[in-house]
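These notes are about the structure you will find just below.
Quick note: the coordinates plus some simple rules give every number you see, no bench work behind them. Everything numeric here is computed off the predicted structure, so don't read it as measured data. In this analysis, Cβ positions are derived from the backbone assuming ideal geometry, glycine residues included, and neighbour counts consider all displayed protein chains.
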């Protein structure tokens, strides 16, 4: 892969790491990247092996798959097993364990479960199969919610009645608050979620410095974006500043995407509360379909059990999501809980902190010590 | 990962992390367990679940010395002293026709390439067809013509076959199974166990063309790209390579699971550590772009006309020159090297300058959503 891309230039990486080293000095600082996309970039490019010991990255709750509680997965499987239903889902959700099986198992047992890349694909399947009910398992933060909203508007406009959405969209600010409220938390700053911010802008994060005294830098998704955002956090700390800054200026506007926000408001309303894997119930942290879209709401059209399932006792996903422990500090990490047999959702998605660490990070400190000749 | 825990700076933590890592490694080395009650698609994707199924069901039932290495082809030693490479493969690709080839080409190339990876010259093939009732004879003719064309190109004859027709709905159109035999020339002995620290890892061309071409041809992704399958017979390329670099240690065609998977299989079989260099991986721009959009890694994407070779360092140049001199190896590159420690592990130096582990895939390469 020959990336001439300016955001992946190894020389720029070395220069930026030198800056980070000088700015951090002999402190030990912990920054949380909120977004699962950042976690993925960090592991994919081996960023942690480049960082000095003085800067540690904590992988936050921004993986949309990782925060879905087991009860909701069970509800999804129940929907998938309704006679005549085609159940559509992003690939990431397929292996997420419910209380005793996942969507892949349901598919193997005869449920018609199909992987899609976008809710519009699900709508197309509905149009092509007018005699079947097509349900879309909607997950994700404000990043993916607008595409679900657009799909619902299209479904309504085209009068496609055999399509519905099982809505599990969540919002980023409430869990961020929950993490900041956690008494056992020690963080020195945040890398703000770039994709979510393209929709909601930077203003919603102002409470982070104002109320909790932590700097936040909205970061892009190329490896150099991450390093530059760390530099910006370190400069704030050096200068005694504490504010919201935007590294991802090429995509994120302070006010966000007004059109997307308007569509979100048109289709969704805030749920009074929603359960998050490992974080428990967080009030006003998720979206549901507005009354006007009741006909396309799978939760109203079909009966879903809605049974709350407690997280497995051995699983410490909650502590991992809050950054209280590292993935490898979890009692079951790597033995009972592996990517093949995940107990917690953090192990399922490639963006989950545990799976990312298991797949990409286990040997980083050792690997970094291995002398490697230039290729 | 620098340090863990809440209170930074205490010296014993990294060693605790190392202990956890060692425990995980020990756990990983155990035989893959098969916990499922039913077969799902992950069992056919070539990753860990496939290994668990094959080892726990098939190896358990058929166990013998020839099968045990679980290579793509078996090595048969005859009483006369001659050695044969013998392999079989089934082809269920969807769609059956894609840019660069069809299931007919694959059915020939897939099997002759498995035979060629033992250094053999593929000679004979058998072909068995499972056909769904209602299948168009015209398309069957087309696919048979593709097979004939591929066999002629590979220098093999299709010498025996079988045909079964099943009820409408009992199969998805057409499945083809081929088996192939080739003779291994005297003096050729390719074996993972001969791989040593210091050896070089080469690939014969650009990665991921086949997998991406098929994914795009399915038309479900809403993206198009100018990517054609690389399906091709590798017997000639192998012969040229072995003539130029007779000490070549090991060959493998990185089909399902891609280069990442075959490197992991080698690291485990040879108990060596493999270091790849991302900046040296030959990947076409369109393939890279599609992979970025789909959230998959070209290292894990299937190839049907490429080989991975391990050669001793002193034959690296000769091997590379021989590959590049062949039309199928024009984009050949040295992509990594073999180290001793830690055994069984593949890592990659990223283009950005970091390192990461390249592990076996767990299931299908599931796309990421954001």
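Would you mind computing Rg(Cα) / (2.2 N^0.38 Å) for the stretch B:196-283, counting N as its residues? Don't skip to the end; give the middle numbers.
On the way: Rg = 15.3 Å, N = 88, 2.2 N^0.38 = 12.1 Å.
My calculation over the Cα atoms of the stretch B:196-283 gives 1.27.
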statement: per DSSP, antiparallel bridges as share of beta bridges in chain B, % nearest 5, sits at 75 percent
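Given only helices, namely DSSP H runs of n ≥ 4 each adding -39500 (n - 2.57), what is the per-residue ellipticity at 222 nm of chain A, to the nearest 500 deg cm²/dmol?
Values: 16 runs with 137 residues, N = 375.
Mean residue ellipticity at 222 nm (helix-derived): -10000 deg cm²/dmol.
With both partners inside the stretch B:71-184, how many of the DSSP beta bridges are antiparallel, as a percent to the nearest 5?
Details: 25 of 34 bridges.
Roughly 75 percent of the beta bridges in the stretch B:71-184 run antiparallel, per DSSP.
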Computed Kirkwood radius, in angstrom, where 1/r is averaged over Cα pairs of the stretch B:71-184: 14.5 Å
message: If I build a Gaussian network model for chain B, linking alpha-carbon pairs within less than 10 angstrom, which residue out of B:251, B:70, B:125 has the largest mean-square fluctuation?
response: B:70
query: In nm, what is the difference between 0.36 nm times the number of residues separating residue A:266 and residue A:27 and their Cα-Cα distance?
result: 81.3 nm
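Given the rule -39500 (n - 2.57) for each run of at least 4 DSSP H residues, summed and divided by the residues of chain B, what is its mean residue ellipticity at 222 nm, to the nearest 500 deg cm²/dmol? Walk me through the numbers on the way to the answer.
Working: 9 runs with 107 residues, N = 370.
One gets -9000 deg cm²/dmol as the mean residue ellipticity at 222 nm.
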field: C-alpha long axis of helix A:258-267 to longest principal axis of chain A, angle in °
entry: 40 degrees
Pairwise Cα inverse-distance average, inverted: Kirkwood Rh of the stretch B:26-97 (Å): 14.6 Å
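Averaging the inverse of every distinct alpha carbon separation and then flipping it gives the Kirkwood radius. What is it for the stretch B:192-357, in angstrom units? Show your work: numbers first, answer last.
Values: mean 1/r = 0.0628 Å⁻¹.
That comes to 15.9 Å for the stretch B:192-357.
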task: Using only the Cα atoms of the protein assembly as shown, each taken as one equal point scatterer with no solvent, compute I(q) by the Debye sum, divide by I(0), and report log10 of the ratio at q = 0.11 Å⁻¹.
output: -1.25
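Using the scaling law 2.2 N^0.38 Å as the reference, what is the normalised Cα Rg of chain A?
Working: Rg = 21.0 Å, N = 375, 2.2 N^0.38 = 20.9 Å.
Chain A yields a ratio of 1.01.
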task: Kindly state, to the nearest 0.05, the FRET efficiency for residue A:291 paired with residue B:293, given R0 = 41 Å and r defined as their beta-carbon distance.
output: 0.70
message: Whole percent per 10 Å bin, from 0 to the bin with the longest distance: what is P(r) over all C-alpha pairs of the stretch B:273-365?
response: 14, 42, 36, 8
message: So if I take the centroid of the Cα atoms in the stretch B:61-111 and the same for the stretch A:153-179, what is the distance between those two points in Å?
response: 48 Å
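For the stretch A:159-317, report the convex hull volume of the alpha-carbon atoms normalised per residue, in Å³, without decimals.
Working: hull volume 25.4 nm³, N = 159.
Normalising the Cα hull of the stretch A:159-317 by residue number yields 159 Å³.
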Packing rank of A:337-347, B:135-145, where each peptide gets the mean count of other beta carbons within 10 Å, highest leading: A:337-347, B:135-145
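What does DSSP give for the stretch B:192-357 in terms of the percent of beta bridges that are antiparallel, rounded to the nearest 5?
Working: 18 of 22 bridges.
Counting DSSP beta bridges with both partners in the stretch B:192-357, the antiparallel share is about 80 percent.
Report, as an integer, the average count of C-beta atoms from other chains found within 10 Å of each Cβ along A:292-304.
Values: counts 0, 0, 0, 0, 0, 0, 0, 0, 0, 0, 0, 0, 0.
Per-residue shielding by partner chains comes out at 0.
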On Cα atoms only, tilt of B:316-325 relative to the major axis of chain B in degrees: 30 degrees
- prompt: By how many degrees, 0 to 90 and rounded to 10, does the Cα axis of helix B:137-154 deviate from the longest principal axis of chain B?
  reply: 60 degrees
field: Peptide A:43-54 - average C-beta neighbours from other chains (10 Å radius)
entry: 6
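Relative to the present Cα-Cα distance, how much length would full extension add between residue A:284 and residue A:307 at 0.36 nm per residue of separation? If you can, show how the numbers build up before the last one.
On the way: separation 23, 0.36 × 23 = 8.28 nm, distance 1.97 nm.
Contour length minus the Cα-Cα distance gives 6.3 nm.
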- prompt: Which peptide among B:176-182, B:322-328 comes first, and what is the full order, when sorted by highest mean count of other Cβ atoms within 10 Å?
  reply: B:176-182, B:322-328
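Round to the nearest 0.05 the FRET efficiency obtained for residue B:160 and residue B:58 when R0 = 25 Å and r is the Cβ-Cβ distance.
Working: r = 23 Å, r/R0 = 0.94.
For R0 = 25 Å, the calculated efficiency reads 0.60.
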